[in-house]
Amino acid sequence: MTWLITGGAGYIGGHVVRQLIDAGERVALIDDFSTGDRTRLPAGVAVVEGSTLDRAALDRAIREHEVEGILHFAAKKQVGESVEQPFLYYRENITGLQTVLEAAADGGVKRFLFSSSAAVYGMPDVDLVTEDTPCHPMNPYGETKLAGEWLVAAAGRTYGMSTVSLRYFNVAGAQSPELSDTGVLNLVPMVFERLTAGRAPRIFGDDYPTADGTCVRDFIHVSDTASAHIAAARRMRTDKAGETSLVLNIGRGEGVSVKEMLDVIGRVTGYDATGEVAPRRPGDPARVVASADLIHKELGWSARYGVEEMVASAWDGWCSRHPGARR
Ligand SMILES: NC(=O)c1ccc[n+]([C@@H]2O[C@H](COP(=O)([O-])OP(=O)(O)OC[C@H]3O[C@@H](n4cnc5c(N)ncnc54)[C@H](O)[C@@H]3O)[C@@H](O)[C@H]2O)c1
């Protein structure tokens, strides 16, 4: 069987494509290359250049590659941009998803995985966020992920598809330099950018009710994130069609503060990563750490890598794209 990967040229999709191929799976991908990068693609992989909003391109991809399962990564993912352009986010993330689901239902595809996000939880007031923690997304991006989960589950029920929605926490690192994150939206690349430009990294607020006053997050290596998809794909393949309907966190269950992360980055890069304190950003919760119990119970998956490995691999990727950064 072939898995169709939407957004397979992206940061996380690119890792999943690589791990699926390494696991002996057949893969085709569809990507509009709006943020994707061709250098992430393994030689010989089948690529359809097109949008998830293009029903004809999706139908063709499903038919020509005899697709039996879809892993849907393609989406916009910038929280601030989603506040400024809600129509864009609902179109790309919801209409795009619905178009893929309609093509899947009509094409007889019975397995569907959806990239969701910890953004569905908003500002959770708990030590460990379980999948039962109430969801109160704080921005259109998080809303599209929560509504997306509902749409996926509804399609699964009606059309007899097995479905899995995976809520990623703070993804970092790279399996190999060419697969690394090219954006500077997440903490680790944002800090690299500041350090290599000769500027101090910013800490947005140091008066949160946490041990050192800075925000605490659950950082997860992208290779671990990808391996959770392989486990989910296997589960959907072995279960009877329509039997699986899961929503699962992907995290390590371990909180790391922004200050602790800066210490690790300083050690790994050799730069002085002492942060400069800036005002809090609106909407930043003090602590968001996953409970990773359910995914372990359902898929037998747990994370292997720690923050040192995330930062070291992300730094290798950064240096390969920015020669001269390394000290
Ligand atoms: N990176 C993170 O920390 C993180 C955290 C939580 C959730 N997510 C979710 O994971 C998914 C992948 O994120 P990523 O970090 O790999 O992002 P990315 O921007 O690197 O990858 C997205 C990929 O989708 C493609 N794409 C975007 N819109 C498309 C469309 N309409 N049609 C076809 N292709 C399209 C892009 O060209 C790119 O290759 C997204 O759904 C994102 O919301 C990411």
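Values quoted throughout were computed directly from the atomic coordinates according to the rules given, and no laboratory measurement underlies them. Quick caveat: nothing in here was measured; it's all calculated off a predicted structure. Cβ placement follows ideal geometry from the backbone for every residue including glycine, while neighbour counts extend to all protein chains displayed.
Straight-line cross-link reach from residue 76 at under 18 Å between alpha-carbon atoms covers these aspartates and glutamates, not counting any fewer than eight positions away in the same chain: 31, 32, 37, 49, 54, 84, 92, 143, 149, 181. When the Cα atoms of the chain are aligned to their principal axes, the ranges along those axes come out at 54, 42, 39 Å in descending order.
Gain on full extension, evaluated as 0.36 nm per residue between residue 199 and residue 263 minus their Cα-Cα distance, stands at 21.5 nm. From its DSSP helices (H runs of at least four residues, each -39,500 (n - 2.57)), the chain gives a residue-normalised ellipticity at 222 nm of -11500 deg cm²/dmol.
Residues whose amide H lies under 5 Å from that of residue 70, counting only those 5 or more places away or on a different chain, are 4, 111, 112, 113; hydrogens are built 1.01 Å from N in the peptide plane. Applied to the range 6-23, the Karplus parametrisation 6.51 cos²θ - 1.76 cosθ + 1.60 on θ = phi - 60° returns per-residue 3J(HN,Hα) values of 7, x, x, 8, x, 4, 7, x, x, 5, 5, 4, 4, 6, 5, 5, 4, 7 Hz, with x for Gly and Pro. The mean sequence separation of alpha-carbon pairs under 8 Å and at least six residues apart, normalised by the residue count of the chain, gives a relative contact order of 18 percent. By the rule of a C-alpha distance below 21 Å, with chain neighbours fewer than 8 residues away ignored, the lysines paired with residue 77 are 145.
Roughly speaking, what is the stretch gain from residue 38 to residue 176, that is 0.36 nm per residue apart minus the C-alpha to C-alpha distance, in nm to one decimal? Walk me through the numbers on the way to the answer.
Details: separation 138, 0.36 × 138 = 49.68 nm, distance 1.47 nm.
Full extension of this stretch gives 48.2 nm more.
3J(HN,Hα) along the range 249-258, derived from phi through the Karplus expression 6.51 cos²θ - 1.76 cosθ + 1.60 where θ = phi - 60°, amounts to 6, 10, x, 9, x, 10, x, 10, 7, 4 Hz, with x in place of Gly and Pro. When its C-alpha radius of gyration is set against 2.2 N^0.38 Å (N residues), the range 15-142 gives a value of 1.17. Under 5 Å from the amide H of residue 277 lie the amide H atoms of 203, each residue being 5 or more positions distant or on a separate chain, with H modelled from the backbone and absent for Pro and chain starts.
Shown here are the Rg and Dmax of the Cα trace of the range 102-256, at 17.9, 55 Å.
For the range 68-101, backbone nitrogen atoms closer than 15 Å to the point 7 Å from residue 59 Cα along Cα-to-C-beta are found at 99-101.
Of the peptides 41-51, 150-160, the order by per-residue mean of other Cβ atoms within 10 Å, starting with the highest, comes out as 150-160, 41-51. Phi angles across the range 190-201 convert, under the Karplus curve 6.51 cos²θ - 1.76 cosθ + 1.60 with θ = phi - 60°, into 3J(HN,Hα) values of 4, 5, 4, 4, 5, 4, 6, 8, x, 10, 6, x Hz, Gly and Pro given as x.
Amide H contacts for residue 129 (H built 1.01 Å from N in the peptide plane; partners 5 or more residues away or on another chain; cut-off under 5 Å): 289, 290, 291. Fraction of C-alpha pairs exceeding 20 angstrom in the range 85-166: 36 percent, rounded to a whole number.
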